[in-house]
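For reference, the structure is listed below as structure tokens.
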Number of protein chains: 2
Amino acid sequence: MIRNMSHNSFALLQARGYKLTEPRRRVIEQLHDRRRALTALELHQLLASEGISLASIYRTLELLVELGLAEAATRSGDEQRYIACSPGQHHHHIVCSRCGRVADITECLLEPFEDVVRERTGFTIESHTLEFHGYCSACRQ
Amino acid sequence: MIRNMSHNSFALLQARGYKLTEPRRRVIEQLHDRRRALTALELHQLLASEGISLASIYRTLELLVELGLAEAATRSGDEQRYIACSPGQHHHHIVCSRCGRVADITECLLEPFEDVVRERTGFTIESHTLEFHGYCSACRQ
DNA sequence: ATAATAAACGCAAATGATTCGCAATATGTC
DNA sequence: GACATATTGCGAATCATTTGCGTTTATTAT
Ligand SMILES: [Mn+2]
Ligand SMILES: [Mn+2]
Ligand SMILES: [Zn+2]
Ligand SMILES: [Zn+2]
């Protein structure tokens with residue numbers, strides 16, 4: 001079923017007419033299997049033995065975000081981190097500040113508040129970004 | 001009172017032992033007065049007549065974030081945007097996707113949920129990033 | 001007010017993450 | 001298996017941000 005999530009991404013990629021290439025397959029696998037927010041460089045190092053170029057990793061990440069199969073972590077230092085994600089259900093993540101491990105928060109806690117926010121601010125609301133930060137059980141002091 | 005918010009930042013800067021210089025004063029004023037999420041380059045252009053270097057603008061923004069007087073917008077394209085903020089009270093922002101205008105959401109909607117998130121994910125929660133995106137009244141279609 | 005001192009500035013060069021051009025290659029199709 | 005074309009790897013280019021350094025400025029003490 002871990003396998004399954006990668007395979008869902010493979011399928012969606014192909015359904016949209018993109019080729020399922022080795023670099024894409026490997027990047028998707030790593031993102032899903034590690035369950036961590038990873039940088040392009042980290043992915044490149046994890047895949048060092050495969051001879052995949054850093055450019056292809058960047059291109060793959062861009063495509064995955066476009067397809068909703070990955071998203072950029074909001075807390076960005078110098079390097080952007082990416083999180084594997086399944087498209088469709090709107091939800092959020094908690095990311096370990098030490099090891100980058102990601103857990104899903106399977107539903108959105110905020111939709112009930114969008115009306116309140118609209119009334120208070122006079123803005124229409126199109127979307128929001130929410131990410132929790134903390135420590136996973138392995139990294140907790 | 002708009003003036004006031006800038007002055008609060010001026011005061012905090014000095015209270016922490018930093019010099020209140022012309023570049024710092026001007027960057028703080030712009031961020032507060034425009035009420036928009038601005039890039040370093042935009043600030044540089046807004047302050048073109050003052051002969052302030054881009055380097056100083058970057059250095060000032062870094063300091064303001066460090067002091068909690070500004071924060072980086074979470075939806076970052078290529079250039080990072082910065083939002084003036086008063087330290088102390090935890091709250092969030094809604095940012096206009098067209099003009100960058102910012103409104104405060106004066107309280108945090110999420111603290112009640114942190115327990116739930118902790119229980120569900122097994123993570124301890126240290127913080128979260130939340131930002132709404134939409135259109136201000138002037139930019140609404 | 002003036003001088004002293006360190007912080008902060010402006011400038012130009014450096015850095016470094018990300019992007020791009022292009023020839024070579026791999027993938028999906030017939 | 002051969003074909004057409006999307007995608008790759010490589011190296012160069014880009015460009016936002018950072019840094020080194022000599023000069024200027026804000027603050028504190030005469
Ligand atoms: Mn997810
Ligand atoms: Mn604010
Ligand atoms: Zn962890
Ligand atoms: Zn607007």
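Summed over segment B:43-82, residues that are within 16 Å of ligand 2 (Cβ to nearest atom), away from chain A (no Cβ under 13 Å) and β-branched (Val, Ile, Thr) total 0.
Residues in segment A:97-119 that are within 7 Å of chain B (Cβ to nearest Cβ) and more than 16 Å from ligand 4 (Cβ to nearest atom): A:Ser97, A:Ala103, A:Ile105, A:Leu109, A:Leu110, A:Phe113. Looking across segment B:1-46, the residues that are at pLDDT below 95, assigned to a helix (DSSP H, G or I) and aliphatic (A, V, I, L, M) come down to B:Ile2, B:Met5.
Of these, A:Arg16, A:Arg34, which one is closer than 21 Å to A:Thr74 by Cβ and without any contact (Cβ under 8 Å) to a residue 60 or more places away in the chain? Reasoning before the result, please.
Details: A:Arg16 fails: closer than 21 Å to A:Thr74 by Cβ.
On inspection, the qualifying residue turns out to be A:Arg34.
Considering only segment B:89-106, I want to know if a residue exists there that is small (Gly, Ala, Ser) and open to solvent by 30 Å² or more (accessible area, probe 1.4 Å). Yes, there is a match, as at least one residue in segment B:89-106 is small (Gly, Ala, Ser) and open to solvent by 30 Å² or more (accessible area, probe 1.4 Å). If we keep just the residues of segment A:79-103 that are near ligand 3 (Cβ under 10 Å from one of its atoms) and among the charged types (D, E, K, R), which is nearest to B:Asp115 (Cα to Cα)? By that ranking, first place goes to A:Arg101.
Please find, within segment A:83-141, the residue that is nearest to ligand 2 (Cβ to nearest atom) out of those that are in a helix (DSSP H, G or I) and of a type outside the set (D, E, K, R).
The residue in question is A:Thr121.
The values are calculated or read from the model by the stated rules, or taken from the named source; none is laboratory data. Just so it is clear, the model here is predicted, and its values are computed rather than measured. Quick reminder, even Gly has a Cβ in these numbers, built from the backbone with ideal geometry, and neighbours come from all protein chains shown. Each accessible area value is taken on the protein alone, full model and side chains, heavy atoms only, with ligands, DNA and RNA left out. Shrake-Rupley method; radii C 1.70, N 1.55, O 1.52, S 1.80 Å.
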